[in-house]
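The structure is given below, and queries will be raised subsequently.
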Amino acid sequence: NTLHASTLQDFRRVIMDTVRDTISTYWTVVAEGEQLRVANKSLDTGRALLEQTRTQYEVGVKAKVEVIQAEAGVAARELDVIRADAAYQNSQDRLIDAVWGVRLTPGAKMRVLPTDDPLHFVPFDVDPKLATDLAIENRPEVESLELDIQRRETLVRFAKNQRLPQLDLNLTYGTSGIEGKGNPDAFGTSMQADTGGKFADSHNRWFGRSGNRDYSVTGVFSIPLGNSNARHKVSKARLELRRAKTELTRLHQQIIVEIRRGIRLLGAARKGIEASERQRIAAEEQLRAERIRLEHGESTPFDVLQKESDLVEAEVAKINALQLYRTSEADLDRAQGTILRTHNIVVGSISGLRNGFEKESFAWDKLLEPILP
């Protein structure tokens, strides 16, 4: 039972890690898609600026060098779109592989369309003490170590028992028929001679299935002298128990560190979103001002493209901050051991899965069903 419970906790740990990694991959897809959108918008802006500059060049307002600058800006943005699209497709494949597994074939055309608004998030504060208590209560690693401690305590008691004096009891029971007159009605008794003796006709009772009964009770009481092997096993069992308890204490400390780091990263990500939004607004205003200067002949397409690149950089920074916030949420949820409950995942339903998701509904009676390849 202890081994089964420990194995089940290990299974829960793997599922928690898988869910956390899948969430992280999903938000990578969202972030890469947003970066592709920003790259395409930047390309559209560069092309519009190029057309405007060419028109102004044709009427003699702009110099040829400014047209070349605008063309270089468009080429650079085309390269950015190519890179962003490749990164987006790669993140799509990673997510599809994580969710559908063998259904991802070389010619697969499936795509994941995220339904979450990448710009929407709900900031919240986390109580470190409450989060730590939740982790100690829900983390499968803690449960596994506690089960291991129980098992080792049993081994210590068993090893101590082996040092004690030993009493072995042996009880035997049987029947016999060796004296008296033979039973003439039994098969083969003609070959049996009367043995005489002072006892009744035990042959008769023997062949009548009621022969004499023999009882024997013996006992051996031994006291170990020295018994160094048993003492050494007790010492070893005690050391292993102490090590298991030390590992549990260390795990509690590790959980505290993980919770503190998770809360800190979550707070930093939230501040990063706010800072990147201020940076984006400032870059957008600078770009607007630079375009006005360009219309009045006080700026060049190169300067406008530079300001537009600053805006793209600010938008990407905000996208990355939002992604960090989402992944930090998942990491903190995993550190608390509540990630399965948050996403309504029941371990009993996981045990019925097969490659390709042949089964679509599961029940608690499938909890112990093994996973087959």
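Set the bar at 21 Å for Cα to Cα. Now go through Lys271/Lys318; Lys129/Lys318; Lys62/Lys307; Lys271/Lys307; Lys160/Lys245; Lys41/Lys109 and name every pair that lies beyond it.
Over 21 Å Cα-Cα: Lys129/Lys318; Lys271/Lys307; Lys41/Lys109.
Sticking with this one: Using a cut-off of under 14 Å, list every residue of the stretch 66-97 whose amide N is near the label point 7 Å from the Cα of Arg54 along the Cα-to-beta-carbon line.
Only 67-75 fall inside the zone, counting backbone N under 14 Å.
Next question, about the same structure. So what is the accessible area of the stretch 1-99 per residue, in Å², with the probe set to 1.4 Å?
Numbers: 5140 Å² over 99 residues.
Using a 1.4 Å probe on heavy atoms only, each residue of the stretch 1-99 averages 52 Å².
What number does the stretch 301-350 give for Rg over Rh if you use C-alpha atoms and the Kirkwood radius?
Result: Rg/Rh = 1.40.
Work out how much length Leu171 to Asn229 would gain on full extension: take 0.36 nm times their residue separation and subtract the Cα-Cα distance, in nm to one decimal.
Here the segment from Leu171 to Asn229 would lengthen by 17.9 nm.
Compute the accessible area per residue over the stretch 218-319, keeping the other protein chains in place, probe 1.4 Å, unit Å².
Result: 64 Å² per residue.
Note down the nm distance, to one decimal, between modelled labels 7 Å out along Cα→Cβ at Arg341 and at Thr22.
2.0
Along each of the three principal axes of the Cα atoms of the stretch 1-111, give the extent in whole Å, ordering the values from largest to smallest.
In descending order, the Cα extents are 88, 26, 14 Å.
Here's something else I'd like to know. Given a 1.4 angstrom probe, I'd like the percentage of the accessible area of the stretch 61-180 that is carbon and sulfur, rounded to a whole number.
So the carbon and sulfur contribution to the accessible surface is 58 percent.
The values are calculated or read from the model by the stated rules, or taken from the named source; none is laboratory data. Keep in mind the model is a prediction, meaning the values are calculated, not measured. Note: ideal-geometry Cβ built from the backbone for every residue, glycine included; neighbour counts use all protein chains shown. Ligands, DNA and RNA are stripped out before the accessible areas are found, and what is left, the full protein with its side chains, is counted by its heavy atoms. Shrake-Rupley method; radii C 1.70, N 1.55, O 1.52, S 1.80 Å.
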